[in-house]
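**Student:** Structure below; questions to follow.
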Amino acid sequence: QLHYFCGSNPTGHYCLDLEKSVDAILGEHLVAQNCWEIEVMKSQGAVDCSQKGNFQLFRNERFNYNNHDFSADWLKPLLGRWEFDYASSMHPPPSAACISNEAWRLVCLAVEKAAVHDPGFRICALRRVAWRFVISSSQVKVLWRCLPPGIIAADLFTSIFNRVADPELLAPMLLRASGRSSSSSEGFSTPSVRECIDRVGPLRVYAATTIDNLHLTIDFSRHECRVLAELVFRLARKEGWCGLTAVRFYRDPEAPPQLFVPQSWAWEMPVKGVLHVTYVGGGGKSAGFRAELQAKYTCISVHLPSGLSQGKR
């Protein structure tokens, strides 16, 4: 993995054998990059979009096959299997020029037709060079439809996620496409899209400006989901509580679901339980308010300071 690693595009899934020196070096590099990115975000006043409310960019961590919470004072062992997702905060500015459609078509063709035995090498190679270009969400859709057999959709997604100039459009594009597609043969399936979102975190994908008509699954026991719920509830208070539709709340998996959201949840949410909801609001009537919510509750617009956008291996 170290051979294909690029510090300017580190987002992805990692499985490291710490007994191997190259894996141990890669782990140390990601720990250092995590600390650096956190300091950049804090200096910019960015919101905490981490999975557990600790600002860390490591997600879904497992050590020796057991759940594990990474923290700044964790001492990396010399032996063991460390598996995790790393979700970088780096994105190109919205004003960045995207690669031309013709050039992107050639990139997609190379990914699809590359003569390699292991399909995963295509993703490694794409991640290694992706820092050299910027793409749009519509171009992600083109790549997704070229998904070769044997490639995990979430691996492909994370390899180019941080090179997307308009990440706020990814969730609407992918989720609506998965709803229209009955099978993954068309490049979209609801499980694969959900896995993509879980790899990078919902607060890096869902945006207040484009959240309408998207089915949301909110687990109140998770920090990032509670932040997303607060965003949705504040939006509903502004634009009308009736915008919360298709509600199913399971406080207990064995009990029948609750089919409404009390307005009291806007200031006192449940401690646990899973909420399924779709928000349908009038975005045009409160566009400014939505932009404020997006800046406060998501980290989609977090960018690196000028001159620090291109790292090295």
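The values are calculated or read from the model by the stated rules, or taken from the named source; none is laboratory data. Just so we're clear, the structure is a prediction, and the values are computed from it rather than from any experiment. We place every Cβ from the backbone using ideal geometry, glycine too, and count neighbours over all the protein chains shown. Heads up: the accessible areas ignore ligands, DNA and RNA and are worked out on the full protein's heavy atoms, side chains in. Shrake-Rupley method; radii C 1.70, N 1.55, O 1.52, S 1.80 Å.
**Student:** Just name one of S159, V140, A130: the one whose Cα is farthest towards the positive end of the charge dipole of the range 125-166 (beta-carbon charges, Lys/Arg +1, Asp/Glu -1).
**Tutor:** A130
**Student:** Sticking with this structure for a sec: Only Cα pairs under 8 Å and at least 6 apart count here; give the relative contact order of the chain as a rounded whole percent.
**Tutor:** Working: 513 pairs, mean separation 68.6, N = 313.
In percent, rounded to a whole number, it is 22.
**Student:** Let me ask another. Rounded, prolate or oblate: which fits the range 33-135 when a ≥ b ≥ c are the square roots of the eigenvalues of the alpha-carbon gyration tensor, with rounded for a/c under 1.5 and prolate only if a/b beats b/c? Could you put the intermediate results ahead of the total?
**Tutor:** Numbers: a/c = 3.26, a/b = 1.38, b/c = 2.37.
Since a/c reaches 1.5 but b/c is at least a/b, the shape of the range 33-135 is classed as oblate.
**Student:** At a probe size of 1.4 Å, how large is the accessible area of E102, to the nearest 10 Å²?
**Tutor:** The accessible area comes out at roughly 100 Å².
**Student:** Let me ask you something else. Let me cross-check M90: its accessible surface, 1.4 Å probe, with only protein heavy atoms counted, in Å² to the nearest 10?
**Tutor:** Roughly 10 Å² of M90 is accessible to a 1.4 Å probe.
**Student:** Calculate what fraction, in whole %, of the accessible area of the chain sits on carbon and sulfur atoms when a 1.4 Å probe is rolled over the protein chains.
**Tutor:** Working: 8170 of 14800 Å².
In the chain, the share of accessible area belonging to carbon and sulfur is 55 percent.
**Student:** Let me ask something else about it. What figure in square angstrom, to the nearest 10, would you give for the accessible area of R222 with a 1.4 Å probe?
**Tutor:** 70 Å²
**Student:** Another question, if that's okay. Just the number: Rg to Rh for the chain, Cα atoms, Kirkwood Rh, two decimals.
**Tutor:** Numbers: Rg = 19.7 Å, Rh = 20.5 Å.
For the chain, the value is 0.96.
**Student:** How much accessible area per residue does the range 44-179 have, in Å², with a 1.4 Å probe? Write down the numbers at each step before the final one.
**Tutor:** Working: 6130 Å² over 136 residues.
Roughly 45 Å² per residue, with all protein chains present.
**Student:** Ordering W36, W241, W144 by how much accessible area each has at a 1.4 Å probe, largest first, what is the list?
**Tutor:** On the way: W36 105, W241 40, W144 5 Å².
My answer, sorted largest first, is W36, W241, W144.
**Student:** What number, rounded to the nearest 500 deg cm²/dmol, is the helix-based mean residue ellipticity at 222 nm of the chain, given -39500 (n - 2.57) per DSSP H run of at least four residues and division by all its residues?
**Tutor:** Working: 9 runs with 113 residues, N = 313.
Helix-only estimate at 222 nm: -11500 deg cm²/dmol.
**Student:** What residue among L106, L57, L170 shows peak mean-square fluctuation when the chain is described by a Gaussian network model with Cα springs under 10 Å?
**Tutor:** L106
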